[in-house]
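For reference, the structure is listed below as structure tokens.
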Amino acid sequence: MSPVSIHIHCPNCDYTEEYTQPRISCPACGETNLDAQYKTENGKLPWPEALANRPRSMWRYKELLPLRDPSHIVSMGEGATPLIHCENLGAMLGLKHLYVKDERQGPTGSFKDRQASLAISALKELGVNEMVVASTGNVAIAYSAYAARSGVKLWVFTISSVPVEKMREVTLYGTELVKVTGTYDQAKVVADRFAHSKGLFLDRGVKSIAAKESMKTLAFEIAEQLGEIYGPTKPDVPWRTPHWYIQAVSGGLGPVGVLKGFRELEQFGLSEGVPKVAGIQSSGCDPMVRAFHNNLEDAPPILQPKTRIATVATGSPGLAYKLLRHEMLEHGGTFESVSDDDAYRALKTVAQLEGISVEPATALAFAGLFKMARARMFDPDEIVVVNCSGHTFPVEKHILGSDIGQEMDVSSAAQAEIPTEGLLSALEEVDTRVGQVVVIEDDEGASTLMARILQAHGVQHVHQAFDGQSGIDLVNQVHPDLIILDLMMPNIDGFGVLDRLKADETLRNVPVVVVTAKDLTNDERSRLSGQVQSLLSKGSFIDDTILQDLLNEKLR
């Protein structure tokens, strides 16, 4: 197998030279956006065979990373994060193949560990021992950890609105932290001037070869993992490309690198095609979204971002937008915006349904996923991967408030034996605000999931029936405050159940919410009109707002 040669390439003028050190600009035309290119004499890589005996980290893909000497690698086990199948969310969204790439499991809890590892390793190879970076959170933390490990002195410029918990972690590593009162774009300008005045190396984000190349490893892992899950695309194409890759974007570096990774996998015959990308932004700072939907080649800056999620408050995306827009127009994809409140609701929903706790920036991606699913932008059989990065811990108090849990004062009985039955009885009586709900659904998995969702939102008693007749019997027995009814069931279908309920004077006023996957005819809709409170489509996500409306039916 021939060794891999690495070259720097300028996409503007096609200038190419052997890669020996990072360049800030093209020596021929001055272009600042440069790429690394990889070639072998026979056009093939020793993958996947060579990978079988390598440790699981992003460095197992060393042939396609711009580092000459492996002895300079600064690593803490970054990469090799799991690809988790989200069955519960998938069921509610109508997506059979929904996955999260769980980057929370990196050394500092975000996918920026990949960037820090390669960037710091490249600096170590060049003998650079001091650098400057502008960041709103995760980059600062990751670079601080890896800089400390390698002995590189790091200066971080950030904004005062970044959660204090994140900044405390940065300073813990010994980083010099400079907080700028202003926007993130202003902080980047200050960092640039400082680096220039001191003659220090400045990390250039999406224009940095090392930064882009590190993000490719996400694509490599996703394709390899999907190949293991679903098998080869073809006998000679071992890995798989997802149909969609979804990520919250600020500067846009992640998706730019991921798409480059999938193109290289196709170049070397390891997978086919590139995914459609969905870049999700906060509606309080969404320059890419506005530019894309107005068919603009450049994204006009948003000078005063109005989002509480400071880590995505980049008002001037610059080059990344142009690169991603080009990819979306060629291969499909979109930019979408969601509100901060949408993100916080999505954060809680993902935690309660999948046990995955994420930071608000990642919650934007999930909120965007929900929005796109409601708009039926996905085919049910498509493979959808969401980049999942960062934990909720720094912002939990803002999400949950200060009143967490319920208190029970037993101090007066501290010296006496506490009767077990009496304590259990007290616990059972803690919350009786939400009454009885009956779910009539023949798909046991869907019914159980609906019960879990209701219970997660405060319903204490959810009863399940798996056919029409059992549902009628259960309703007669329980006399619930609310009925959730599927239409397509064997024997007595949902329409028949409704007829029985409305014929019974004691049950006719119980609110009924119909949830169905059936495309209703006009006659069927007329038949339901006036008989049910709500009609929901399976595959459209039931978010907090809809659930609250649903639960409020018993008060009407």
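Throughout, read-outs are computed from the coordinates displayed, never taken from laboratory work. Worth saying up front: this structure is predicted, and the values here are computed from it rather than measured. Quick reminder, even Gly has a Cβ in these numbers, built from the backbone with ideal geometry, and neighbours come from all protein chains shown.
Structure values in brief
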{"item": "Order by protection proxy (mean Cβ within 10 Å, highest first), peptides 26-33, 47-54, 341-348", "result": "341-348, 26-33, 47-54"}
{"item": "Cys with no candidate disulfide partner in the chain (beta-carbon separation under 4.7 Å rule)", "result": "86, 285, 388"}
{"item": "Length added when fully stretched, residue 71-residue 15, from 0.36 nm per residue minus Cα-Cα", "result": "17.2 nm"}
{"item": "Calculated [θ] (222 nm, deg cm²/dmol) that DSSP helices of n ≥ 4 give over the chain, each run adding -39,500 (n - 2.57)", "result": "-11500 deg cm²/dmol"}
{"item": "Degrees separating the helix 184-198 axis from the principal Cα axis of the chain, which is the longest one", "result": "20 degrees"}
{"item": "Gain in span if fully extended, residue 491 to residue 263, counting 0.36 nm per residue against the direct Cα distance", "result": "76.9 nm"}
{"item": "Ordering of 36-42, 107-113, 169-175, 464-470 by packing [mean C-beta count within 10 Å, highest first]", "result": "107-113, 464-470, 169-175, 36-42"}
{"item": "Leading residue at positive end of dipole, the chain (Cβ point charges), from 136, 471, 123", "result": "123"}
{"item": "Computed over the chain: relative contact order in percent, which uses C-alpha pairs under 8 Å that are six or more apart", "result": "12 percent"}
{"item": "Qualifying trypsin sites (Lys or Arg not before Pro) for region 249-315 [loop in DSSP, other Cβ within 10 Å: at most 14]", "result": "306"}
{"item": "Approximate spin-label separation residue 444-residue 171, in nm, with each point projected 7 Å along Cα-to-Cβ", "result": "5.7 nm"}
{"item": "Hits among aspartates and glutamates - C-alpha to C-alpha of residue 62 under 19 Å, sequence gap 8 or more where chains match", "result": "18, 35, 41, 49, 78, 113, 125, 213, 221, 224, 264, 266"}
{"item": "Above-threshold pairs, the threshold being 30 Å between Cα atoms, out of 112/153; 96/502; 234/260; 44/188; 44/153", "result": "96/502; 44/188; 44/153"}
{"item": "Ranked list, fewest to most other Cβ atoms within 10 Å of each Cβ, for 181, 217", "result": "181, 217"}
{"item": "Separation in nanometres of the label points that stand 7 Å from Cα toward Cβ, at residue 7 and residue 298", "result": "3.1 nm"}
{"item": "Label-to-label distance, nm, for residues given as residue 31 and residue 190 (7 Å Cα→Cβ offset)", "result": "3.4 nm"}
{"item": "Chain lengthening between residue 228 and residue 523 when straightened (0.36 nm per residue, less Cα-Cα)", "result": "101.5 nm"}
